[in-house]
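Student: One structure coming up, written as structure tokens, with questions to follow.
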Amino acid sequence: MQVAIVKYNAGNIYSVVNALKRLGIDPLLTDDAELLMKADKVLFPGQGHAGEAMDYLRARKLDQVISDLKQPVFGICVGQQLLCRHSEEGNTDCIGIFDAEVKRFMPERHEDKVPCMGWNELHSLKSPLYNGLNEGDYVYFVHSYYVPVCQDTIATADYILPYSASMHRDNFYTCQFHPEKSGKVGEQIIKNFIDL
């Protein structure tokens, strides 16, 4: 099985490479459209600024390549946000798989820190992505922006307000958290994606 990771100017890609290697998978890190289209599974991870990431993707026409993929695709962290229609971060038009607007957390109390950083519980799990996991399992988040709960939400988390921890539409799966930094729970989620 060929697993490809979209190579673009977003941080944190190598921790995803290492997570796959721990599962015995040697992934291909590439921005080559043909190689991405031929892969059995595609991961679209990243952290960084949505506007800069979209500029890079558009310059290489990777936004269209990602949109056209037919195999299972897994957007992680900023990867989830870039698969939405629009982001408040840099007032950025994104790829548009999910008809959702990415919004910035607005602190309501002194203890509400942005970015949201640390371990948080997953709730309302409804996808094969979460096979073998339990309501309330903990995963690791680092983000200042979130996707509101919507028709494509397959798991929620709560920080200041409930939001989409994970989404699914057609062949596109996402998570806002970092499965590659979420211990055994995260490893199971990545394995479940590979097994889809």
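Student: Counting DSSP beta bridges with both partners in the chain, what percentage is antiparallel, nearest 5?
Tutor: Counting DSSP beta bridges with both partners in the chain, the antiparallel share is about 60 percent.
Student: Next question. Provide the per residue accessible area, probe 1.4 Å, for the chain, rounded to a whole number of square angstrom.
Tutor: That works out to 45 Å² for each residue.
Student: Something else about it: Along the positive direction of the dipole of the chain (beta-carbon charges: Lys, Arg +1; Asp, Glu -1; about the Cα centre), which of 94, 17, 189 reaches farthest?
Tutor: 17
Student: In straight Cα distance, which lysines are under 21 Å from residue 103, not counting same-chain residues fewer than 8 positions off?
Tutor: Partners found: 113.
Student: Given R₀ = 30 Å, FRET efficiency for residue 131-residue 169 by Cβ-Cβ distance, to 0.05?
Tutor: Efficiency for this residue pair is about 0.95.
Student: Quick check: pseudo-label points 7 Å beyond the Cα along Cα→Cβ at residue 117 and residue 138, how many nm apart are they?
Tutor: The modelled label-to-label distance comes out at 1.7 nm.
Student: Next up: Under 30 Å between alpha carbons, and skipping anything fewer than 8 positions from residue 21 in its own chain: which lysines qualify?
Tutor: Reachable lysines: 7, 38, 41, 61, 70, 126, 181, 184, 191.
Student: Also, I was wondering about something else. Taking 41 Å as R0, compute the FRET efficiency from the Cβ-Cβ separation of residue 161 and residue 32 and round it to 0.05.
Tutor: 0.55
Student: Let me ask another. Across bins of 10 angstrom width beginning at 0, how are the C-alpha pair distances of the range 102-159 distributed, in whole percent?
Tutor: Computed distribution, short to long bins: 21, 49, 26, 4.
Student: At 7 Å along the Cα-to-beta-carbon direction for both residue 196 and residue 99, put a label point, then send me their distance in nm to one decimal.
Tutor: Modelled inter-label distance: 2.1 nm.
Student: While we're here: To the nearest 500 deg cm²/dmol, what mean residue ellipticity at 222 nm is calculated for the chain from DSSP H runs of n ≥ 4 alone, each contributing -39,500 (n - 2.57), summed and divided by the residues?
Tutor: Roughly -7000 deg cm²/dmol at 222 nm, from the helical runs in the chain.
Student: Find out how many positive minus negative residues lie around residue 148, taking Lys and Arg as positive, Asp and Glu as negative, among other residues whose Cβ is under 10 Å from that of residue 148.
Tutor: Cβ neighbours under 10 Å give a net charge of 0.
Student: Something else: Taking only the alpha-carbon positions of the chain and ignoring solvent, what does the Debye formula give for the base-10 log of I(q)/I(0) at q = 0.11, 0.14, 0.15, 0.17 Å⁻¹?
Tutor: Each listed q corresponds, in turn, to -0.43, -0.72, -0.84, -1.10.
Student: May I ask you to order 155-162, 104-111 by the average number of other C-beta atoms within 10 Å around their residues, highest value first?
Tutor: 155-162, 104-111
Student: Still on this structure, please answer the following. How large a share of the accessible area of the chain, in percent, is made up of carbon and sulfur atoms when the probe is 1.4 Å and the other protein chains stay in place?
Tutor: For the chain, the apolar C and S fraction of the accessible surface comes to 47 percent.
The values are calculated or read from the model by the stated rules, or taken from the named source; none is laboratory data. All figures in this text were calculated on a predicted structure; none of them were measured in a lab. Glycine gets a Cβ as well: all are built from the backbone with ideal geometry, and neighbour counts include every protein chain shown. The protein model used for the area step is the full one, side chains on, heavy atoms only, and it has no ligands, DNA or RNA in it. Shrake-Rupley method; radii C 1.70, N 1.55, O 1.52, S 1.80 Å.
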